[in-house]
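*Asks:* Supplied in structure tokens, the structure appears directly below.
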Amino acid sequence: MKADSLREKFLEFFKSKKHRIVSSDSLVPSDDPTVLFTPAGMNQFKKQFLGQITGFTRAASSQRCLRTDDLDKVGNTEYHHTFFEMLGNFSFGDYFKQDAICWAWEFLTGVLKIHKEKLWVSVYKGDEEAYRIWKDEIKIPQSKIVKLGDKDNFWPAEAKTKGPNGPCGPCSEIFFDRGPAVGCKKPGCTPACDCGRFVEVWNLVFTQFNRKGAGTLEPLPKKNIDTGMGLERLAAVMQGVSSNFETDLFAGIIQEIRRHCNSENSKEKQLLYAVSDHIRAITFAIYDGVLPSNESRGYVVRKLIRKSSLHLRSLGINGPFLYTLVPVVAETMEKPYPELSERREDIAQIILAEENNFINTLKTSDALFNEKFNTGSTLSLAPEKAGCIAFQLYDTYGIPFELTMEWSKKHGITISKEAFTKALHLQKERSKSQSQMQGDVFSHKELDLSVKETKFHGYEGCAIKSKILKIIKDGREAAKIAEGDEAEIVLDKTVFYGESGGQVGDTGEVRKGKNIFEVTDAKKIGKVIVHKGKVLQGVFKKSDLVSSAVDAVRRLSIARNHTATHLLQAGLRKVLGSHVQQQGSFVGADKLRFDFTHFKALDKDQLARVEELVNNYVLANADLKVKILSRKDAKKAGALAFFGEKYEDKVRMVTIGNFSFELCAGIHLQKTGSIGLFKIIQEGSVASGIRRIEAVTGMSAYALVRKEEGILEEAASILNVAKEGVVQQLENRIHRIKELEKQNSAKKYQDIKGSLQHFLEKAHAVGEIRLIAEIVSDADDIGILRSAVDTMKKDLTGSVIALGSVKEGKAVLVVGLTADLAEKGWDASLLIRSAASVLEGSGGGRKDFAQAGGTKPERFAQAFAQLKAEIERRQK
């Protein structure tokens, strides 16, 4: 049975049991700081688990998940993954153990027709209720019911003694028996043995306690069910294969890699498995808006790409290749994720750019090694320190430890493998802790609000009368607040837009007679809008009836920028192509920022065309229309969605004229003409394949135009020409200045040239090398120093030439080697580093010529002495 069919049957089964079928949440939890990526199906239901019911008490989902705690096991075992799908059914104070167990058994044996004899179960050692249901009602033989302890059959594992605080409870697992010929082959083997014979298929968690401290478990007033079944493992069972990687979820990917392999690597299977896993994780992480970077989630994606690239090299694939697997992933996952096919080219281009960057890093690894191990220094490097540097190269740049060891041996550097291994272990622990929940199980401020959804009336107006539902001061609920107090207020209804979707929160006032609460920000937490601010005068109490009003002028500026953001995306797609997709945005009162997919910088003409198009849309004074409809209908209408957002079943589609259709909950204008003027400030790169445009509208745009016009007028006045003649006059003067600088440099060089013979006469013999080290006065152009070095090198052999000068109070240093020394392996870029460090600067260059700068020109004598010592050291 195909994985798509299994997923569909699971959801259909629980739909028949009156469960709400909820679409998968993003891999990036929008309201959950306790995890880096979504690790399980239950994460998106935290509010429901805490009694904040939002229209249903039963749910089922197929959740895409990403974990990195077992990264090194991926490929080496049959079942470990970074990316996987978690099938789950959930009850929020509705049904409990009886139904959860019976339905799980019904689905596996009734719907999927798995032989009952092949299934075993485990229960928590103290859970007699679950044991009784399995034994007496399901009729599983006692010999196939295994009682396990806190580590294996309590969630979270060992929570009773080790925490975290919060909801917890026993669990019961269902195992598939692969038969006595698999694993340890011992007669008494049970699911308690980790030999591989028993495959854990489904975990049923019975959340019935609230942990309040070590050993303190209080019964929950409403008990919950949280189950999880890995689709990949279930597919392996149903398809009769011994490994998840042999299922249809991976077959196409592995086949494509194998087709390009040119290797007889003994670990081929493990490498194929690892890459096929990682490309799924990479593809879906980027799909959910996580771009390769050196921080947080982006660091995980970058690491997975680089690990995969190294695996591919071991398989004989040395060029960019990983990106070619994205269409295969998209095809395999097309049924549950049809949008993935639409974005596969964008995702592939991001991966390709990252692959090329890494390949270039490997190609230039020599220079990186020299820099990190500071080979220009005369100080010896401790093996432990070298081991830590080797780990940094592995962890940050993806350079294999073996490659670093090979290079270090050539350069006489001893690396402690123990230090490397220790640093690696610490990083694994950090990675594991990031994949697991941090702090209490449900540690999020939104869960402390315990109020109903805020009714938002901000689309209709800027003022409203409402009631205070809750006051929070210093993180705790308060009965009242007085003048000078900073607090958060929750109202039953509001016109304040809570920061979300890239749009900043509104500001304004909440009043009760002469009592004034200044709102400095509004945040949307779940479906509740929180008004942050300060009491300017008077007192506010819970249940007070108040009048609230947003800053209408600021709101209008925000609306201009938000509507302009939609016009900008429309303009970009028309100029650059339909591959342009929103990757993020910021809509404030002063400016807007828009991140989008594109793979090179926009040239001057493209930027001008985009700006012109947007202003044409503004001048058209097109109507803006809003319609509430289903996601399916919105997609049919061609509405664009920001893929990083999770949308409700009913969505708000904003249509502007016949050129912009987007899903958006933000505040907008009624007509585009109200934008007034649109002006691009700058365009730049955010990450591989992602560009950013910043722009202003309305009075901010007008102020920018007036400022630029003022600069032009001032320049015209200084040059004594009309504004139209400024550019030509500047070009003439710059040309004249360059001619004079050229003449001046030539004169200075001729003056210095006469001193070169004197420099030769003062040369020092350093072993077999001649060192010429001099300070050249009045050589403030590095080109003069370079010419002097080139002139001296022509007639010399076995010489190192170092010339220094002072320019604007900073040290300038060049080092040149004669051709014979460069051929023997001497490197000017390495020599100059030792001298540059004395000058408190840095430098680099080619083997025969290098240059550096520094902040301490008074140390030239010490720098030359350091250079001499380095030449002596390298001859030993």
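The values are calculated or read from the model by the stated rules, or taken from the named source; none is laboratory data. Computed from a prediction, not measured in an experiment: that's the story for all the values here. Every residue, glycine among them, receives a Cβ derived from its backbone with ideal geometry; neighbour counts consider all protein chains shown. In case anyone asks, the SASA skips ligands and DNA or RNA and just uses the protein heavy atoms, side chains included. Shrake-Rupley method; radii C 1.70, N 1.55, O 1.52, S 1.80 Å.
*Asks:* Counting only residues that are more than 12 Å from Leu204 (Cβ to Cβ) and buried (at least 20 other Cβ atoms within 10 Å of the Cβ), how many does the stretch 157-174 have?
*Replies:* Number satisfying all stated conditions: 4.
*Asks:* Go through the stretch 153-173 and report how many residues are assigned to a helix (DSSP H, G or I) and in contact with an Asp or Glu (Cβ under 8 Å, 6 or more places away or on another chain).
*Replies:* 4
*Asks:* Follow-up question, since we're still on this one. Tally time: how many residues in the stretch 797-831 are surrounded by fewer than 19 Cβ atoms within 10 Å (Cβ to Cβ) and either of a type in the set (S, T, N, Q) or without any contact (Cβ under 8 Å) to a residue 40 or more places away in the chain (or both)?
*Replies:* 10
*Asks:* Give the residue, chosen from Asp25, Asp4, that is out of contact with any helix residue (DSSP H, G or I) (no Cβ under 7 Å at 6 or more places or on another chain) and of a type in the set (Asp, Glu).
*Replies:* None of the other options fit; the residue is Asp4.
*Asks:* Now, a different point. Return yes when Tyr95 is modelled with pLDDT of 95 or more and not in a helix (DSSP H, G or I) and no when it is not.
*Replies:* Against the criterion (modelled with pLDDT of 95 or more and not in a helix (DSSP H, G or I)), Tyr95 qualifies.
*Asks:* Now, a different point. From the list Ala608, Ala637, exactly one residue is modelled with pLDDT of 95 or more and among the small types (Gly, Ala, Ser). Which is it?
*Replies:* Selected residue: Ala608, the only one of Ala608, Ala637 that is modelled with pLDDT of 95 or more and among the small types (Gly, Ala, Ser).
*Asks:* Can I ask one more? Can you name every residue in the stretch 761-786 that is open to solvent by 50 Å² or more (accessible area, probe 1.4 Å) and in contact with a helix residue (DSSP H, G or I) (Cβ under 8 Å, 6 or more places away or on another chain)?
*Replies:* Once the filter is applied, which keeps residues that are open to solvent by 50 Å² or more (accessible area, probe 1.4 Å) and in contact with a helix residue (DSSP H, G or I) (Cβ under 8 Å, 6 or more places away or on another chain), the stretch 761-786 yields His764, Gly767, Ile775, Asp778, Asp781.
*Asks:* Could you tell me whether any residue of the stretch 846-864 is touching a strand residue (DSSP E or B) at 6+ places or on another chain (Cβ under 9 Å), closer than 23 Å to Asp790 by Cα, among the aromatic types (Phe, Trp, Tyr) and open to solvent by 20 Å² or more (accessible area, probe 1.4 Å)?
*Replies:* Checking the stretch 846-864: at least one residue is touching a strand residue (DSSP E or B) at 6+ places or on another chain (Cβ under 9 Å), closer than 23 Å to Asp790 by Cα, among the aromatic types (Phe, Trp, Tyr) and open to solvent by 20 Å² or more (accessible area, probe 1.4 Å).
*Asks:* Would you tally the residues in the stretch 555-592 being among the charged types (D, E, K, R), open to solvent by 30 Å² or more (accessible area, probe 1.4 Å) and either closer than 30 Å to Glu477 by Cβ or in a loop (DSSP other than H, G, I, E, B) (or both)?
*Replies:* 2
*Asks:* Taking the stretch 613-644 only, how many residues are surrounded by 13 or more Cβ atoms within 10 Å (Cβ to Cβ) and either part of a helix (DSSP H, G or I) or touching a Cys at 6+ places or on another chain (Cβ under 6 Å) (or both)?
*Replies:* The qualifying residues number 10.
*Asks:* Considering only the stretch 279-364, give the helices (runs of 4 or more DSSP H) lying wholly within it that have at least 3 residues that are open to solvent by less than 50 Å² (accessible area, probe 1.4 Å).
*Replies:* 296-314, 326-332, 344-363
*Asks:* Report, ordered by the first and then the second residue, all pairs with beta carbons closer than 8 Å, sequence separation of six or more or different chains, a first member in the stretch 103-116 that is farther than 13 Å from Phe175 by Cα, and a second member that is part of a loop (DSSP other than H, G, I, E, B).
*Replies:* Filtered contacts from the stretch 103-116: Trp103/Lys17; Leu112/Met1.
*Asks:* Another question, then. Mind telling me which of the residues Glu694, Glu713 ends up being among the charged types (D, E, K, R), outside any helix (DSSP H, G or I) and either modelled with pLDDT of 95 or more or open to solvent by 70 Å² or more (accessible area, probe 1.4 Å) (or both)?
*Replies:* Going through Glu694, Glu713 in turn, just one is among the charged types (D, E, K, R), outside any helix (DSSP H, G or I) and either modelled with pLDDT of 95 or more or open to solvent by 70 Å² or more (accessible area, probe 1.4 Å) (or both): Glu694.
*Asks:* Being part of a strand (DSSP E or B) and at pLDDT below 95: is that true of Lys452 here?
*Replies:* no
*Asks:* Something else: Name the residues in the stretch 517-554 that are assigned to a strand (DSSP E or B), out of contact with any Leu (no Cβ under 9 Å at 6 or more places or on another chain) and of a type in the set (D, E, K, R), would you?
*Replies:* Across the stretch 517-554, the qualifying residues are Asp521, Lys523, Lys524, Lys532, Lys534, Lys541.
*Asks:* Filter the stretch 719-744 for residues that are in contact with a helix residue (DSSP H, G or I) (Cβ under 6 Å, 6 or more places away or on another chain) and either part of a helix (DSSP H, G or I) or open to solvent by 80 Å² or more (accessible area, probe 1.4 Å) (or both) and give the result.
*Replies:* Within the stretch 719-744, Leu719, Lys723, Val726, Gln729 meet the criteria.
Quick grid of which residues meet (1) part of a helix (DSSP H, G or I); (2) closer than 30 Å to Lys267 by Cβ; (3) out of contact with any Gly (no Cβ under 9 Å at 6 or more places or on another chain); (4) modelled with pLDDT of 95 or more:
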{"site": "Asn43", "(1), (2), (3), (4)": "yes, no, yes, no"}
{"site": "Ile53", "(1), (2), (3), (4)": "no, no, no, no"}
{"site": "Ala59", "(1), (2), (3), (4)": "no, no, no, yes"}
{"site": "Ser62", "(1), (2), (3), (4)": "no, no, no, yes"}
{"site": "Thr77", "(1), (2), (3), (4)": "no, yes, no, no"}
{"site": "Leu87", "(1), (2), (3), (4)": "no, no, no, yes"}
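*Asks:* For the stretch 593-606, which residues satisfy the criterion of being aliphatic (A, V, I, L, M) and either touching a Gly at 6+ places or on another chain (Cβ under 9 Å) or assigned to a strand (DSSP E or B) (or both)?
*Replies:* Hit for the stretch 593-606 is Ala601, nothing else.
*Asks:* Any residue in the stretch 263-271 that is part of a helix (DSSP H, G or I), crowded, with 16+ Cβ neighbours inside 10 Å and out of contact with any helix residue (DSSP H, G or I) (no Cβ under 6 Å at 6 or more places or on another chain)?
*Replies:* Yes, the conditions are met somewhere in the stretch 263-271.
*Asks:* Could we say that Arg652 is buried (at least 18 other Cβ atoms within 10 Å of the Cβ), modelled with pLDDT under 95 and more than 23 Å from Asp346 (Cβ to Cβ) here?
*Replies:* The answer is yes for Arg652.
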